[in-house]
Amino acid sequence: MLFIKGLLIILWFLAVPFGIGSLPVFQKKEMLWMENLVCGYAAMFALFELLALPLIFTRQSFDTLKYIFGGFCLILAAAGMFRIRKEILPGVKERFSAVGRIPWPMWAAFLLIAIQMGAYVFGMATDLDDSFYVATATTTLETNGMFTHGAYTGRLAGELPSRYVLAPFPILLAFYSDAVKMHPAVVAHTVQPVFFLMISYMVYGFIGKKLFSGERKSSGFFLLFLTLVQTFSYYSVYTQGTFMLTRIWQGKALLASFLLPAIFYYSCCCMEEGAERGEWIRLLVLMLSSCLVSSMGMMLAPVMLGLMALLYGIPGWEWKRILQAFACCIPNLICAAVYLIVR
């Protein structure tokens, strides 16, 4: 049974997002494996937000969302895998041959990241917000309803929770729990953190590569320094490192650790000369993903993208970039407007 659960974890947390991220809509000219995985997770989050909101507001069952979302993900992942089927084996051989060229600072960073992942797997940090995130996912599975029962009492809820209904990240936890056949508490504290931590550090690796123009040793030092800062950042419960290393399964922690840095990175890519259409699509998907994880993402993500657009666009009078950035913010602005109405 554990073997089957392990295969399901690999399927839903690695194979499916990698396949979705390999679709041509996201693709650069060359296949970049880590970017495929990051884009795949962002696309899954965005797709879940698009499907979940109308079903929640129309009081549909969780099973309806589960089968529709799961079916879409499997179809898209299969299409992506089929598209790159001829590139997978050569890509694996190329990456094995490149192992010897990885500089030692990068290996040191990998070791620290592995230790941080191990802390999640072999230890557990609880938080007061678990009483909502984990309880909502558990209640969703038990009742087959989404936000129909109170997470704190289990009683039938009279209305939808305005603070969380537009950011149904705990419902995604319920989906993952059902997909891998494990309790939501186990998935939240042990399974999700490993993969969310991995994609977060992938994004930081992208940022380091851009800052140092692809120079691998300098990028390795950047990632090593960053992992050290995160490791020793528990001087307050409100630091970004604390959110990343003790509660990344929560939506606002994932927003700070993964989505906002990814929006920063891809906004830099989009504002440069010769930006590809796929990079703008990635940015749009990330903006929609930020709405799923937390209500704060509805406004923090547009603020970050807006500042980046002004910094890049105004000095050179690049109004087209500013308009494209505004278009990427439309999903967030719509969600923010609905939030003000339902609140």
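Here, each number is a calculation from the coordinates, and none is a lab measurement. This structure is a prediction, so every number in the text was calculated from the model and none was measured. With ideal geometry, Cβ positions are generated from the backbone for all residues, glycine too; neighbour counts draw on all protein chains shown.
What percent do you get for the relative contact order of the chain when only Cα pairs under 8 Å and 6+ apart count?
Rounded, it is 19 percent for the chain.
Starting from the Cα gyration tensor of the stretch 112-174, multiply each eigenvalue by 5, take the square root, and state the resulting semi-axes largest first in whole Å.
Values: eigenvalues 157, 26, 22 Å².
Ellipsoid semi-axes (Å, largest first): 28, 11, 10.
Would you mind giving the average projected area, over all directions, of the Cα convex hull of the stretch 186-343 in nm² with one decimal?
Taking a quarter of the hull surface, the average projection is 10.9 nm².
Work out how far the C-alpha atoms of the stretch 1-145 reach from end to end along every principal axis, then list the three figures in whole Å, largest first.
For the stretch 1-145, the Cα extents along the three principal axes come out at 53, 38, 29 Å.
Tell me whether the stretch 104-147 comes out rounded, prolate or oblate; compute the Cα gyration tensor, take square roots of the eigenvalues as a ≥ b ≥ c, and use a/c under 1.5 as the rounded threshold.
Here the stretch 104-147 falls in the prolate category.
Pulled fully out, how much extra length does the chain show between Phe225 and Ser97, if you take 0.36 nm times their separation in residues and subtract their Cα-Cα distance?
My answer for the length gained is 43.4 nm.
Express the Stokes-Einstein translational diffusion coefficient of the chain in µm² s⁻¹, to the nearest whole number, given a Kirkwood radius over alpha-carbon pairs, 4 °C and a viscosity of 1.567 mPa s. Before the final figure, lay out the partial values.
Details: Rh = 20.8 Å.
So the translational diffusion coefficient is about 62 µm²/s.
About its Cα centre, what dipole magnitude does the stretch 27-99 give when the only charges are +1 on Lys and Arg Cβ and -1 on Asp and Glu Cβ, stated in debye to the nearest 20?
Its charge dipole is roughly 200 debye.
Can you pull the Rg over Rh of the stretch 82-189, Cα-only, Kirkwood?
My calculation of the ratio gives 1.18.
Please state the charge dipole magnitude for the stretch 1-130, taken about the Cα centre, from unit charges on C-beta atoms (+1 on K and R, -1 on D and E), reported in debye and rounded to the nearest 20.
620 debye
Which of Lys93/Lys217; Lys181/Lys209; Lys210/Lys320; Lys66/Lys209; Lys5/Lys209 have a Cα-Cα distance over 26 Å?
Lys181/Lys209; Lys66/Lys209; Lys5/Lys209
Out of the stretch 1-78, which GluC sites (Glu not before Pro) are coil in DSSP terms and have no more than 15 other C-beta atoms within 10 Å?
Sparse-neighbourhood loop GluC sites (Glu not before Pro): Glu30.
Want the number for Leu307 to Ala114: 0.36 nm per residue separation, take away the alpha-carbon distance, what's left?
66.1 nm
If I take all pairs of Cα atoms in the stretch 188-268, what percentage of them are more than 14 Å from each other?
62 percent
When Lys and Arg each count +1 and Asp and Glu each count -1, what net charge do the other residues less than 15 Å away from Thr246, Cβ to Cβ, add up to? Please list the in-between numbers first.
Working: positive: Arg247, Lys252; negative: Asp127, Asp129, Asp130.
Within the 15 Å Cβ shell, the charges total -1.
Along the charge dipole of the stretch 63-187, which of Val165, Phe96, Phe147 sits closest to the positive end, that is, farthest toward it, with unit charges on the beta carbon of Lys, Arg, Asp and Glu (+1, +1, -1, -1)?
Phe96
Taking only the alpha-carbon atoms of the stretch 19-93, what semi-axes of the equivalent ellipsoid follow from 5 times the gyration tensor eigenvalues under a square root, in whole Å, largest first?
So the three semi-axes of the stretch 19-93 are 29, 12, 8 Å.
Note the full-extension length gain between Leu211 and Val194 as 0.36 nm times their separation in residues minus their Cα-Cα distance, in nm to one decimal. Could you put the intermediate results ahead of the total?
Working: separation 17, 0.36 × 17 = 6.12 nm, distance 2.59 nm.
Length difference between fully extended and current span is 3.5 nm.
Hey, got the dipole for the chain? About the Cα centre, +1 on K and R Cβ, -1 on D and E Cβ, debye to the nearest 20? Walk me through the intermediate numbers first.
On the way: 25 positive and 18 negative charges, 105 e Å.
Value, rounded to 20: 500 debye.
Leu224: net charge of surrounding residues, Cβ under 15 Å, Lys/Arg +1, Asp/Glu -1, itself excluded? Walk me through the numbers before you get to the answer.
Details: positive: Lys209, Arg216, Lys217; negative: Glu215.
Charge balance in the 15 Å sphere: +2.
What 222 nm value per residue comes from the helices of the chain, counting each DSSP H run with n ≥ 4 as -39,500 (n - 2.57) and dividing by all residues, nearest 500 deg cm²/dmol?
On the way: 16 runs with 237 residues, N = 343.
It comes out at -22500 deg cm²/dmol, rounded to the nearest 500.
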